[in-house]
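Visitor: Have a look at the structure that comes next, please.
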Amino acid sequence: MSELEAEKVTGVGRNKFLMLVAIAFTPIAISYLTYFFMPGWIPTSTTNEGAFMSPPLELGERLDLSGKWELLMAPASNCNAECKQALVNARQVHISLNKNTPRLVRRIILAEPAPESLSGYLGAEHAGIEVIVNPTLYKDLVSRSAVAGMTALYLMDPTGNVILFYVGDKTGKPMLKDMKHLMKLSNIG
């Protein structure tokens, strides 16, 4: 093989190699440039209906974990009409999960023992809801939701992190939509 033919063969091999490197690294370079130099192209919307707890509130050490998704509620001591509607919505969401119903636990967190009227209402209308009296846990939940004075429902993952909260009209079908989405994607709980 002459020197010219050998140079021609190595040139073809080198070109093939450079093409393979270009094919491999071009998408990485384009994504890097897009992310850092064209931030308007990055999606800013999300599909969740609830509001994120940022950063998530970690309750794993302060609450006995059931290993399931948990819907927590921290109402005022006098459960008004808004509170009762949130309880009804939580129950309906729980039932509407169908085959995933066993993957969700409902709990109500109180700062002080429940008054007789609330205890009677929970016993008659919301069988299966667990009542926990813990003032510090109650205070932490209410202070982090950024909606003082409103009844909120909090979604806690099976590892003990409160990740979402729902207030007002978001406690019905929007919460059900999020729950179905999470149950579909999650293998834990």
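Visitor: Is it fair to say VAL133 is buried (at least 18 other Cβ atoms within 10 Å of the Cβ) and not hydroxyl-bearing (Ser, Thr, Tyr)?
Guide: It is false that VAL133 is buried (at least 18 other Cβ atoms within 10 Å of the Cβ) and not hydroxyl-bearing (Ser, Thr, Tyr).
Visitor: Before we move on, is LEU185 surrounded by fewer than 19 Cβ atoms within 10 Å (Cβ to Cβ), closer than 14 Å to ASN48 by Cβ and touching a Ser or Thr at 6+ places or on another chain (Cβ under 7 Å)?
Guide: It is false that LEU185 is surrounded by fewer than 19 Cβ atoms within 10 Å (Cβ to Cβ), closer than 14 Å to ASN48 by Cβ and touching a Ser or Thr at 6+ places or on another chain (Cβ under 7 Å).
Visitor: Taking region 112-133 as the region of interest, how many residues are within 29 Å of SER186 (Cα to Cα) and either out of contact with any helix residue (DSSP H, G or I) (no Cβ under 7 Å at 6 or more places or on another chain) or among the basic types (Lys, Arg) (or both)?
Guide: 4
Visitor: Tell me whether region 90-99 contains one or more residues that are at pLDDT 90 or above, aliphatic (A, V, I, L, M), touching a Lys or Arg at 6+ places or on another chain (Cβ under 9 Å) and not in a helix (DSSP H, G or I).
Guide: Yes, region 90-99 contains at least one residue that is at pLDDT 90 or above, aliphatic (A, V, I, L, M), touching a Lys or Arg at 6+ places or on another chain (Cβ under 9 Å) and not in a helix (DSSP H, G or I).
Visitor: Given the criteria at pLDDT below 90 and over 20 Å from ASP64 (Cβ atoms), does GLY189 qualify?
Guide: no
Visitor: A further question on this structure: I'm trying to understand the selection: among the residues of region 137-165, which are at pLDDT 90 or above and of a type in the set (Ser, Thr, Tyr)?
Guide: Within region 137-165, TYR154, THR159 meet the criteria.
Visitor: Which residue is surrounded by the fewest Cβ atoms within 10 Å (Cβ to Cβ), if the candidates are limited to region 4-52 and must be under 18 Å from ILE163 (Cα atoms), at pLDDT 85 or above and not small (Gly, Ala, Ser)?
Guide: Residue satisfying both the conditions and the ranking: PHE52.
Visitor: Report, by residue number, each residue of region 92-130 that is under 21 Å from PRO158 (Cα atoms), among the small types (Gly, Ala, Ser) and surrounded by 14 or more Cβ atoms within 10 Å (Cβ to Cβ).
Guide: If the condition is that a residue be under 21 Å from PRO158 (Cα atoms), among the small types (Gly, Ala, Ser) and surrounded by 14 or more Cβ atoms within 10 Å (Cβ to Cβ), then SER96 is the only one that fits.
Visitor: Residues in region 35-53 that are within 20 Å of THR171 (Cβ to Cβ) and either outside any loop (DSSP other than H, G, I, E, B) or touching a residue at least 40 places away in the same chain (Cβ under 8 Å) (or both): how many?
Guide: 7
The values are calculated or read from the model by the stated rules, or taken from the named source; none is laboratory data. Keep in mind that this is a model prediction, so the values were computed, not measured. No Cβ is skipped: glycine too gets one built from the backbone with ideal geometry, and neighbour counts run over all protein chains shown.
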